[in-house]
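Let me begin by presenting the structure, written as structure tokens, before commenting on it.
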Amino acid sequence: MSEAPLDPPRPAAVDSGDLDPRAQRSASDQVLTRLSNAAMWSAWPLRWLAIIVAGVLCYFVIVTPLEFPSQVGLALSFVLLALYMRRQRGHIATLVMMVLSLIVSSRYMFWRLTETTWWDRPFDAFWGLILVSAEVYTTVVLMLGYFQTAWPLKRKPVPLPSDRSAWPTVDVFIPTYNEPLAVVKPTVYAALALDYPADKLRIHVLDDGRRPEFKHFCEQVGVTWTIRSHNRHAKAGNINEALKITDGEYLAIFDCDHIPTRSFLQISLGWFLRDKKLAMMQMPHHFFSADPFEKNLGTFRKVPNEGELFYGLVQDGNDLWNATFFCGSCAVLRRGPVLEVGGIAVETVTEDAHTALKLHRRGYSTAYLAIPQAAGLATESLSGHIGQRIRWARGMTQIFRIDNPMTGKGLNLGQRLCYLNAMLHFFYGVPRLVFLTAPLSYLFFGAHVIQASAWAIAAYALPHIIHANLTNSRMQSKFRHSFWAEVYESVLASYITAPTLMALINPKLGKFNVTAKGGRIEESYFDWGISRPYLFLLLLNLAGFGIGFAHLFVTSRGDFGTTLLNLAWTAYNMTILGASVAAASEVRQVRDSHRVTMVIRAMLRFANGRTLACETIDYSEGGVAIKIPEGVSIPLNEEVQVSLFRGSEEFVFPAVVVFSAAARLGVRFTTLTPQQELDFVQSTFSRADAWTDWSKGRKTDTPLRGLSHVLRVGVRGIFQLFGHIRQDAGRLATRRAKKLEKAKLDTGS
């Protein structure tokens, strides 16, 4: 891969349907586009008349009761129309699918609330009210999500002035607390490599750990080591103290493991000079290491990770409504507005989002550029990942309680709804647990929580589910594969439920926790502790399925359709829980440095003066894997010089061969000087084009493909569970046998 020029890269045109917008449009798409762009819509009376007529028609479609055959016919026609629109290119087709989904979901909820919520037995009413409340929540979040992402802004970079002397001054803040120096070094080196005038750039390592080795390193490489005498308010307090002793016009903030590319400031600063009310520019959080889901489920770079939807689509949608959230890292802020709102917010543990809310209330704007210009480490273990999400959930709930975006001044309707959806999202714990257990109320106790026949439920509920999945797949296909959200939520639901409810009652409960980055997992193991909640849920569903199966074929309870429907629901829940169990199978991670797959032009130079032109396969901070020509043999332990190229620049590193096989060579760097460490970061992690092709080769999502993948992972997870039981039981038996043998020997002596 060649080094990209420093001119700000323009993101490729993105079509919501993941189709090439340069391809020739279909005739139907051209008709839709011409109709939507027709001159008649410029007349506001006609626009409002069309909206009123459409609203009235939608109302009658939603509320009109139909007999079963008519409902099936209506549902089928809507699904066929959605499938047809899914094949059309262009954003108008996406909006049509969204409207169809909203109508069908509204019709389903109207039917649920008006015709299925009367119960004869209190027990049925109890479970029924819980279920319908969960459905109302998910439908509201679905509609808010459509609003939030209906029209991603797809902002393009604005270049800085050609006269570099006119560029503003910037303070780069790298907060750290307990992370090892090896994690922080690449970020500092990348900050030093930023292509920006040296006299306008100051780099500060904000060390709340106050460690001597950090001071020595900062002095060695020429950056400022900044400390304070206390650790109040954690990261937010650390940044606020640094604001008191710095004076740059802008501040760029990077988590200590987020390595910026050299073009970061050139890409992000231009909009500030155009928009004087712009207070914050956020860039994506990109991760070059696998998170626990990707690592344990084997989906790294094959399935979008949990955060890609937010940074790929949601933030771009927020940008349309001037509601981009500050995410704590990979962002540039204008100093004046930050000081005006009292610095980084300290009232909640999600200080970043709360700071953005305060800026918006003061009338400032924020912006988002969906161009990865920094990359960091994902959490290593599932327990660490869950801990991070607990903090986010608690923090957003705190904001909901103490600075609710739906009340107070300064926000427009779009901003209020975007913030509301972000906060409601973290209340999914209770609804997800309800959906994972709802069919058991019938299978165990015969409770009819929905007062309708199984066939009527299918006629109303299935279209709602199908349309939601078709539409979300159309909109999210690059950033979230179908049905994976349910796996992520099932893993986290049991853990975020209590913190969110407690924060809702008392926002002051709880404390800030730092997410650990880096480190090893010495051997593979199954995390029985972290998986306990969904192991329990899996056993419940297995038991319910067995009882339901017996009702179906042995005891003949009588309601065949209802039993069959609940069995299908339970089987699906078991699959989702099986995937959740698989995520708790921690895979061995013995490397301190993660390998990044990237092709870079390289050259090997041997002691005898011979050179070999080649290219990299992947790299890490400790070495490089190199593709060599067939037939070339290089002995182990041979010392070589490795050259990596960035454009016309060559960087040379001393190394030793540690692996040699057909067409592949592994070299480990010997001792590098600080300058060579800086050169290595410049030629790899901080390349302007380092992360632009990260999702290249990934299969496009379809609902059936996504469902099939989740089903395979879920079934595999259940079989893996039995393997872990046998393995751990064997280990326990061996351990007990050794104890008994030792006890006998001690007694004999």
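What the table below lists for this structure:
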item	result
Descending Cα extents along the principal axes, the stretch 413-465, whole Å	44, 23, 15
Calculated over the chain: convex hull of Cα atoms, volume per residue (Å³)	234 Å³
Inter-label distance for L81 and A568, nm, one decimal - labels placed 7 Å from Cα along Cα-to-Cβ	2.4 nm
Segment Y137-E650, length gained on full extension (0.36 nm per residue, minus Cα span)	179.0 nm
DSSP bridge orientation in the chain - percent antiparallel, rounded to nearest 5	70 percent
Local electrostatic count at P337 - Lys and Arg +1, Asp and Glu -1, tallied over other residues with Cβ under 10 Å	+4
Relative contact order for the chain, counting Cα pairs under 8 Å that sit 6 or more residues apart, in percent	16 percent
Over 12 Å [Cα-Cα, the stretch 696-740], rounded percent	72 percent
Cα-Cα P(r), the stretch 553-667, percent of pairs per 10 Å interval	12, 30, 16, 9, 10, 9, 9, 5, 0
Extent along principal axes [Cα atoms of the stretch 165-212; Å; largest to smallest]	38, 17, 14
Added length on full extension, which subtracts the Cα-Cα distance from 0.36 nm per residue, R232 to I52	59.3 nm
Charge context of E347, other residues only, Cβ under 10 angstrom, K/R +1, D/E -1	0
For the stretch 115-170, the fraction of alpha-carbon pairs in successive 5 Å shells from zero, as %	4, 13, 11, 9, 8, 7, 8, 7, 6, 6, 5, 4, 4, 4, 2, 1
Hull volume in cubic angstrom per residue (convex hull over the Cα atoms of the stretch 276-391)	103 Å³
L552-T734 pseudo-label distance in nm [points 7 Å out on the Cα-to-Cβ vector]	4.0 nm
Contact order normalised by residue count of the stretch 598-749, Cα under 8 Å, 6+ apart, percent	15 percent
Tilt relative to the chain, helix 234-244 - C-alpha long axis, 0 to 90 degrees, to 10	50 degrees
The chain: angle of helix 351-361 to the longest principal axis, Cα-based, in degrees nearest 10	70 degrees
Using alpha-carbon coordinates, inclination of helix 413-425 to the longest axis of the chain, degrees	90 degrees
Among 383-393, 205-215, the order from most to least packed when residues are scored by Cβ within 10 Å on average	383-393, 205-215
Fraction of accessible area attributable to carbon and sulfur, the chain (%, probe 1.4 Å)	62 percent
Relative compactness, the stretch 191-234, computed as alpha-carbon Rg over 2.2 N^0.38 Å	1.31
Cβ-derived FRET efficiency at R0 60 Å, A125 paired with T597, nearest 0.05	0.60
Nearest-0.05 FRET efficiency for L672 and V632, computed from C-beta distance (R0 35 Å)	0.85
Magnitude of the charge dipole, the chain, Cβ model with Lys/Arg +1 and Asp/Glu -1, debye to 20	600 debye
Rounded to the nearest 20 debye, dipole of the stretch 636-730 from Cβ charges on Lys, Arg, Asp, Glu	800 debye
Where only alpha carbons of the stretch 75-128 are counted, the Rg and the Dmax (Å)	16.5, 51
Volume per residue that the Cα convex hull of the stretch 351-485 spans, once the total is divided by residue count, Å³	190 Å³
Extension reserve of the K156-L501 stretch, reckoned as 0.36 nm per residue once the Cα distance is removed	120.2 nm
Rounded D (µm²/s) - the stretch 104-145, Kirkwood Rh over Cα pairs, Stokes-Einstein at 25 °C, 0.890 mPa s	225 µm²/s
Area accessible to solvent at R232, 1.4 Å probe radius, in Å²	140 Å²
Point-to-point label distance, E615-T114, nm (Cα→Cβ direction, 7 Å offset)	6.3 nm
Computed E for A661/T224 - FRET, C-beta separation, R0 45 angstrom, nearest 0.05	0.45
Extreme residue, positive dipole direction of the chain, given options T562, F479, T366 (C-beta unit charges)	T562
Spherically averaged projected area of the stretch 222-346 from its Cα convex hull (nm²)	9.9 nm²
With DNA, RNA and ligands ignored, accessible area of H425 (1.4 Å probe; Å², nearest 10)	80 Å²
Dipole of the chain, positive end: most advanced residue of I634, A236, T397 [Cβ charges, Cα centre]	T397
Probe 1.4 Å, accessible area per residue of the chain, Å²	44 Å²
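The values are calculated or read from the model by the stated rules, or taken from the named source; none is laboratory data. The structure presented is a predicted model; accordingly, all values stated were derived computationally and were not measured. Every residue, glycine among them, receives a Cβ derived from its backbone with ideal geometry; neighbour counts consider all protein chains shown. Ligands, DNA and RNA are stripped out before the accessible areas are found, and what is left, the full protein with its side chains, is counted by its heavy atoms. Shrake-Rupley method; radii C 1.70, N 1.55, O 1.52, S 1.80 Å.
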